[in-house]
Amino acid sequence: MKKKTMLIDLDRCIGCFSCEIACKNENNIDLGLQWNKVFTIGPSGVFPDLEMYFLPVLCQACEDAPCVSVCPTGASYVNEEGVILVDKEKCIACMACLSACPYKARSFNARSESIEKCTLCDHLKAPDQPACVKACCAKARFIGDYEDPSDDIFKKMKAAGEKNTYALPDAGNKPTVRYILNGKTAKWQDKK
């Protein structure tokens, strides 16, 4: 099965937040909710040797998604491309998936009384790209299958090297979103 996920090149990300804004606009996300957040990591070090980078965090497209396994109604599910989605018609807003997600990548929408999350803009079909990818002025975001040797993100990860490719901490859920951060830019810090 193809596993659609994201690769974000942190060496290129400038922290402009255009991905956050594009996501909110494309998906009509209510005020106070975010499906995509950009964190500032650092600055750290001692002057003049300081380092800092920006870390966009979204649904980590986990292989063993705890949000799916704890959902009592099947509202949280994985589609044929491996994208984790929420069927709002089945969602009873029990909040189990919010507690289960180790990355706090889900939101409760009080207006619709349902859970929401990044869908990798599943409503846009290939070759169209997710809104955050299209809006990234630094060209730091890529969508694809990181396990497929013919895929662009596989090639980008290979070119960056294993020592410069990271994932958020694995809590037994096997996150698939990958980040490139060269040691010359900054030292990776696990974001929990």
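The values are calculated or read from the model by the stated rules, or taken from the named source; none is laboratory data. All of these numbers come straight from a predicted model, not from anything done at the bench. Note that each Cβ is placed from the backbone with ideal geometry, even for glycine, and that neighbours are counted across all protein chains shown. Protein only, heavy atoms only, side chains kept; ligands, DNA and RNA dropped before computing areas. Shrake-Rupley method; radii C 1.70, N 1.55, O 1.52, S 1.80 Å.
Matching residues to (1) part of a loop (DSSP other than H, G, I, E, B); (2) loosely packed, with under 13 Cβ neighbours inside 10 Å; (3) not acidic (Asp, Glu):
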residue	(1), (2), (3)
Gly74	yes, yes, yes
Leu98	no, no, yes
Phe108	no, no, yes
His123	yes, yes, yes
Ile143	no, no, yes
Pro149	yes, yes, yes
Lys158	no, yes, yes
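If you go through segment 1-20 and keep only what is among the hydrophobic types (A, V, I, L, M, F, W, C) and not in a strand (DSSP E or B), you end up with Met1, Leu10, Cys13, Ile14, Cys16, Phe17, Cys19.
Which of the residues that make up segment 1-15 are touching a residue at least 40 places away in the same chain (Cβ under 8 Å), out of contact with any Pro (no Cβ under 6 Å at 6 or more places or on another chain) and open to solvent by less than 60 Å² (accessible area, probe 1.4 Å)? Walk me through how you get there before you give the answer.
Filtering segment 1-15 down to residues touching a residue at least 40 places away in the same chain (Cβ under 8 Å) leaves 1-14.
From the residues that got through so far, the ones that are out of contact with any Pro (no Cβ under 6 Å at 6 or more places or on another chain) too are 1-7, 9-14.
Correct list: Lys3, Lys4, Thr5, Met6, Leu7, Asp9, Leu10, Cys13.
Of all residues in segment 172-192, those satisfying the criterion of being at negative phi and open to solvent by 80 Å² or more (accessible area, probe 1.4 Å) are Lys184, Lys187, Asp190, Lys192.
Just one of the listed residues (Lys104, Lys134, Lys90) is closer than 19 Å to Ile29 by Cβ, part of a loop (DSSP other than H, G, I, E, B) and open to solvent by 30 Å² or more (accessible area, probe 1.4 Å), and it is Lys104. Against the condition touching a residue at least 24 places away in the same chain (Cβ under 8 Å), open to solvent by less than 20 Å² (accessible area, probe 1.4 Å) and either under 16 Å from Ile8 (Cα atoms) or part of a loop (DSSP other than H, G, I, E, B) (or both), how does Cys67 come out, does it pass? Considered against the rule, which asks whether it is touching a residue at least 24 places away in the same chain (Cβ under 8 Å), open to solvent by less than 20 Å² (accessible area, probe 1.4 Å) and either under 16 Å from Ile8 (Cα atoms) or part of a loop (DSSP other than H, G, I, E, B) (or both), Cys67 comes out as no. Consider segment 38-52 and keep the residues that are aliphatic (A, V, I, L, M) and in contact (Cβ under 8 Å) with a residue 12 or more places away in the chain. The one that is farthest from Leu168 (Cα to Cα) is Met52. Considering segment 46-61, the residues that are out of contact with any Pro (no Cβ under 8 Å at 6 or more places or on another chain) and assigned to a strand (DSSP E or B) include one that is nearest to Ala105 (Cα to Cα), namely Val57. When Leu50 is tested against the conditions (1) surrounded by 13 or more Cβ atoms within 10 Å (Cβ to Cβ); (2) in contact with a strand residue (DSSP E or B) (Cβ under 8 Å, 6 or more places away or on another chain), the lone failure is (1). When segment 21-37 is filtered for residues that are in contact (Cβ under 8 Å) with a residue 24 or more places away in the chain and either in contact with an Asp or Glu (Cβ under 6 Å, 6 or more places away or on another chain) or assigned to a helix (DSSP H, G or I) (or both), the ones remaining, listed by number, are Ile21, Ala22, Cys23, Asn25, Glu26, Asn27, Asn36.
When Val57, Val86 are checked against the criterion of being within 22 Å of Leu168 (Cβ to Cβ), touching a residue at least 40 places away in the same chain (Cβ under 8 Å) and of a type in the set (Val, Ile, Thr), Val57 stands alone in meeting it.
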